[in-house]
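To keep things clear, I will list the structure first and then write my remarks on it.
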C-alpha cells in the first residue's frame, strides 16, 4: 500500500470501467463527428465551433488517461484485505470516533479518494481525518488538523 495508490470497492471499480468504456466508444465518436462538422464550416482560425470541439477532445482524452491510470494502478479492497489489516484502520474500515471534550460520536467509512462522500460518511484515506486514523487501533487517540485548529478524537470501534 503506497501513499499515492488509490483504492476502490468492486462496485466503484466496475463503475469507473464502464465510464471509461463509454468515453472511449461513445464520447470519442461524438467529438470526432463534432470536429468534422466544425471543419466543414470553413476558416479554422476564426471557427469557434472547431476550437470548442478541440477543447472537448483534449478534455476527454485527459479524462480517459486519468481513468486508465486509476484503474491500472488502483487496488480493489476486499473483505480479505480488511481482515488482514488486523484491527487497524485501513481502507474498507468503518470507524466510530468520539470527539475529545464531548460525547459527539461519528461513524466513518474509510474509502479511496474516488469514493469519498462526506454527506454519506465516506472519507478518503488521503483526507486529514483519514490520514490521522490510518494504522491506528481501537482505543487510540488522534489529532486532526482542521481548518479551525487541531481537534482530538478517540477511536471507539473499528469494523
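The values are calculated or read from the model by the stated rules, or taken from the named source; none is laboratory data. Note that the structure is a prediction, hence the values are computed from the model and not measured. Don't worry about glycine lacking a Cβ; one is built from the backbone with ideal geometry, like all the others, and counts go over all protein chains shown.
Kindly provide the set of residues from the stretch 123-146 that are touching a helix residue (DSSP H, G or I) at 6+ places or on another chain (Cβ under 6 Å) and not in a loop (DSSP other than H, G, I, E, B), ordered by number.
123, 124, 142, 144, 145
Going residue by residue through the stretch 66-76, is there one that turns out to be in contact (Cβ under 8 Å) with a residue 60 or more places away in the chain, surrounded by 10 or more Cβ atoms within 10 Å (Cβ to Cβ) and in a helix (DSSP H, G or I)?
yes
I'd like to check something: does the stretch 15-26 contain any residue that is in the same structural domain as residue 72 (by TED's automatic domain parsing), within 23 Å of residue 92 (Cβ to Cβ), modelled with pLDDT of 85 or more and exposed (fewer than 12 other Cβ atoms within 10 Å of the Cβ)?
Looking through the stretch 15-26, at least one residue is in the same structural domain as residue 72 (by TED's automatic domain parsing), within 23 Å of residue 92 (Cβ to Cβ), modelled with pLDDT of 85 or more and exposed (fewer than 12 other Cβ atoms within 10 Å of the Cβ).
Are any residues in the stretch 28-44 farther than 11 Å from residue 57 by Cα, modelled with pLDDT of 85 or more and either in contact with a helix residue (DSSP H, G or I) (Cβ under 6 Å, 6 or more places away or on another chain) or surrounded by 12 or more Cβ atoms within 10 Å (Cβ to Cβ) (or both), and if so, which ones?
Selection gives 37, 38, 39.
I want to confirm something. Restricting to the stretch 17-27 and keeping residues that are within 13 Å of residue 60 (Cα to Cα) and in contact (Cβ under 8 Å) with a residue 24 or more places away in the chain, which single residue is farthest from the chain's Cα centre (by Cα)?
Selected residue: 27.
Can you spot a residue in the stretch 123-136 that is loosely packed, with under 15 Cβ neighbours inside 10 Å and touching a residue at least 40 places away in the same chain (Cβ under 8 Å)?
Looking for residues that are loosely packed, with under 15 Cβ neighbours inside 10 Å and touching a residue at least 40 places away in the same chain (Cβ under 8 Å), one finds at least one in the stretch 123-136, hence yes.
Considering (1) loosely packed, with under 12 Cβ neighbours inside 10 Å; (2) at positive phi, say which one residue 117 fails and leave the rest.
(2)
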